[in-house]
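Trainee: I'd like to ask you about the structure that follows.
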Amino acid sequence: MGALDYLSNFFNAATTRSRSRSRRRPMQTVEIKVKMDCDGCERRVKNSVKSMKGVKTVEVNRKQSRVTVSGNVDPNKVLKNVKNTGKRAEFWPYIPYNLVSYPYATQAYDKRAPAGHVKNVIQAVATHNNTDENITHLFSDDNPNACSIM
């Protein structure tokens, strides 16, 4: 119990210190919007991202102008590498249509968005504090999920 426990604790502490120095980034998926016109543009963007350290997979969808990168990467570094190819790039600004409560709001609807997607904007949705307002909201014409029995 004496010397061996002391030595084993010493070695365990030494290994945990070396592990804490090398911080691994968590596994992430980064989606970037990049306008690509031809196979050469697609190949150039894919190769620039694939050569980064920590990248597991790279998926390019030219029809949607979308690049999806998975791996232990920093999203800002991925965006910077894509911009270094000479293409205008930004983080993917769209979310699926069914996740938004008011998809035809003035800032959310975008004609250039891919099918089934709208822009990811903060929407002003009225919150009801009073229970009477909640009940009347159930039968309102403004509520798309209102009760249809009237």
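Trainee: Starting from the range 104-120, keep only residues that are touching a residue at least 40 places away in the same chain (Cβ under 8 Å), then list their pairs with residues that are surrounded by 15 or more Cβ atoms within 10 Å (Cβ to Cβ) and not in a loop (DSSP other than H, G, I, E, B) whose Cβ atoms are within a distance under 7 Å, requiring at least 6 positions of separation or different chains.
Mentor: PRO114/TYR94
Trainee: Okay, next question. Residues to consider are ASN76, ASN98; find the one that is modelled with pLDDT of 90 or more and either among the aliphatic types (A, V, I, L, M) or assigned to a helix (DSSP H, G or I) (or both).
Mentor: ASN76
Trainee: I've got another one for you. Quick one: in the range 34-73, which of the residues that are in a helix (DSSP H, G or I) and β-branched (Val, Ile, Thr) is nearest to HIS117 (Cα to Cα)?
Mentor: If we take residues in the range 34-73 being in a helix (DSSP H, G or I) and β-branched (Val, Ile, Thr), then VAL45 is nearest to HIS117 (Cα to Cα).
Trainee: Something else now. Within the set of pairs 6+ apart or on separate chains, which have a first residue in the range 68-86 that is open to solvent by less than 20 Å² (accessible area, probe 1.4 Å), a second that is polar (S, T, N, Q), and C-beta atoms under 8 Å apart?
Mentor: Matching pairs, first to second residue: VAL69/THR29; VAL69/THR57; GLY71/GLN28; GLY71/THR57; VAL73/GLN28; VAL82/SER48.
Trainee: If you don't mind, another one. Being closer than 30 Å to ASP142 by Cα, of a type in the set (Val, Ile, Thr) and in contact with a helix residue (DSSP H, G or I) (Cβ under 6 Å, 6 or more places away or on another chain), is that true of even one residue in the range 110-130? Give the derivation first.
Mentor: Within the range 110-130, the first condition is being closer than 30 Å to ASP142 by Cα, and the residues that meet it are 110-130.
Adding the requirement that they be of a type in the set (Val, Ile, Thr) leaves 118, 121-122, 125, 127.
From what's left, in contact with a helix residue (DSSP H, G or I) (Cβ under 6 Å, 6 or more places away or on another chain): 118.
Within the range 110-130, one or more residues are closer than 30 Å to ASP142 by Cα, of a type in the set (Val, Ile, Thr) and in contact with a helix residue (DSSP H, G or I) (Cβ under 6 Å, 6 or more places away or on another chain).
The values are calculated or read from the model by the stated rules, or taken from the named source; none is laboratory data. On a predicted model such as this, the values are computed, not experimentally measured, just so you know. Cβ sites come from the backbone with ideal geometry, for glycine too, and all protein chains shown count toward neighbours. The accessibility values were calculated without ligands, DNA or RNA, using every heavy atom of the protein model including side chains. Shrake-Rupley method; radii C 1.70, N 1.55, O 1.52, S 1.80 Å.
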